[in-house]
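The values are calculated or read from the model by the stated rules, or taken from the named source; none is laboratory data. Worth saying up front: this structure is predicted, and the values here are computed from it rather than measured. Heads up, the Cβs are rebuilt from the backbone with ideal geometry, glycines too, and the neighbour counts pull from every protein chain shown. SASA here: full protein model, heavy atoms, side chains in, ligands and nucleic acids out. Shrake-Rupley method; radii C 1.70, N 1.55, O 1.52, S 1.80 Å.
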Amino acid sequence: MTTNLLDYDLEGLVALCEQLGEKRFRATQLFRWIHQKGATNFEQMTDLAKSLREKLSTSACIQVPKVVSRHESTDGTIKWLFDVGAGDVIETVFIPEADRGTLCISSQAGCAVGCRFCSTGHQGFSRNLTTGEIVSQLWFAEHFLRQHLDRKNRQDRVISNVVMMGMGEPLQNYAQLLPALKVMLDDHGYGLSRRRVTVSTSGFVRMIDRLAKDCPVALAVSLHAPQDTLRDYLVPLNKKHPIAELLQACTRYQAAAPRDFITFEYCMLDGVNDQPEHAHQLVALMQTHAARGLSCKFNLIPFNPFPASGLKRSDMPQVMAFAKILMDAGIVTTIRKTRGDDIDAACGQLAGDVQDRTSADQRMAAQRQGMLGGIKVVVLKGLGA
Ligand code: SAH
Ligand code: SF4
């Protein structure tokens, strides 16, 4: 069987080359050919000895999942669907802005967390992506865009930021995620700064601590509710790691983080979590944790609807009123612009098409049954229950 070289960070490639009797600098050359020049075959790598190229061509490959489709939005957003086999499809989204190019990457086919407002969560979980499948999304998008964007210098980097905000919960696929992050940051790879690579999590506390030690990139935490009853309902993982525990982990993370704050994402759901009382509860919560050392920034995401969610987007005045309460309390708050919604590329619309092996609909129905008892009336209203 051949080894996919996209599965390795530089240290992994060094170890692999050593097994082939090659020195460290050969691995660096190889790594640069793959990630910086986008090489797909060993013949191109003219500064590697012919004998090494021959060895590699029999034992290794550079294999990227097949692109199923590409959609381009009127706002310049591009969404790719990749076939990762056995009926699973994952999505990757490029979001161009004046001062940056952001790539939103998937970490799993489906997701086991099952957040109510997330289309990926509604599908259920199929499998973890390999490091190669995570890295391939960046490899493919970067080299595609260099060729296709109308720019003076085709060698210049196009993607300046990566957000692990596509399909899946990155911290539930930690072992594969970690080498992928290292490839993104490596100067011989994509050379992205730690501030410009963001891992977004629904709150895997243990893994937040691991990330702080192993590779402290920017952290975004999907909060979505100011108190546990509501968060238990929206983000079922909260039952395992309640808000206080999560915010303590965020405070610990801050010591290692490349930015001096943690970003909290808050999906605005009409009548569910968007009332003034929720904003006031959030302010009180953040004040309590600020006293213990937590600095935060809020990113309000107007809910992107999808069929079967049974939820509605908060209207703009509601979002603005919510933001004002936070800002009046001194919390830096932004409202996320929706990009690419004409091609279903907005947050939480990434459904791909996974083989649903966990029967998500049944699980959702059970959750709904089990949880309604504990939710306040204001919550039930928006859920149409
Ligand atoms: N699993 C990780 C990362 C992927 S989701 C996480 O949950 O953080 C990326 C972001 O999109 C998260 O903040 C998530 O809560 C948000 N999101 C999911 N579904 C959404 C929807 N339908 N509308 C708006 N935001 C959504
Ligand atoms: Fe999974 Fe994130 Fe979607 Fe929740 S929001 S189901 S954690 S991908």
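Could you please let me know if Arg116 is among the basic types (Lys, Arg), surrounded by 17 or more Cβ atoms within 10 Å (Cβ to Cβ) and closer than 26 Å to Ser202 by Cα? In short, yes. Within the stretch 233-251, being part of a helix (DSSP H, G or I) and touching an Asp or Glu at 6+ places or on another chain (Cβ under 7 Å) holds for Asn238, Lys239, Ile243, Ala249.
Any residue at all in the stretch 159-171 that's assigned to a helix (DSSP H, G or I), open to solvent by less than 10 Å² (accessible area, probe 1.4 Å) and within 16 Å of ligand 1 (Cβ to nearest atom)? Yes, some residue in the stretch 159-171 is assigned to a helix (DSSP H, G or I), open to solvent by less than 10 Å² (accessible area, probe 1.4 Å) and within 16 Å of ligand 1 (Cβ to nearest atom).
The rows are residues; the columns are (1) more than 16 Å from the chain's Cα centre (by Cα); (2) more than 20 Å from His35 (Cβ to Cβ).
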position: Arg70; (1), (2): yes, yes
position: Leu81; (1), (2): no, yes
position: Gly87; (1), (2): yes, yes
position: Pro96; (1), (2): yes, yes
position: Leu103; (1), (2): no, no
position: Gly110; (1), (2): no, yes
position: Gly121; (1), (2): no, yes
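Among the residues making up the stretch 231-268, those that are in contact with a Gly (Cβ under 6 Å, 6 or more places away or on another chain) and touching a residue at least 60 places away in the same chain (Cβ under 8 Å) are Pro236, Leu237.
Note on the stretch 304-337: residues that are closer than 23 Å to Ile95 by Cα and within 16 Å of ligand 2 (Cβ to nearest atom) total 5.
Among residues that are assigned to a loop (DSSP other than H, G, I, E, B) and among the β-branched types (Val, Ile, Thr), Thr46 is included. Within the stretch 108-145, the set of residues being more than 16 Å from ligand 1 (Cβ to nearest atom) and at pLDDT below 95 is empty. Looking only at residues in the stretch 252-284 that are open to solvent by 30 Å² or more (accessible area, probe 1.4 Å) and part of a helix (DSSP H, G or I), the one that is nearest to Asp315 (Cα to Cα) is Pro276.
Having 1 or more residues that are among the acidic types (Asp, Glu) and more than 16 Å from ligand 2 (Cβ to nearest atom) is the bar; report the strands (runs of 3 or more DSSP E) wholly within the stretch 76-125 that clear it.
Correct list: 78-83, 89-97.
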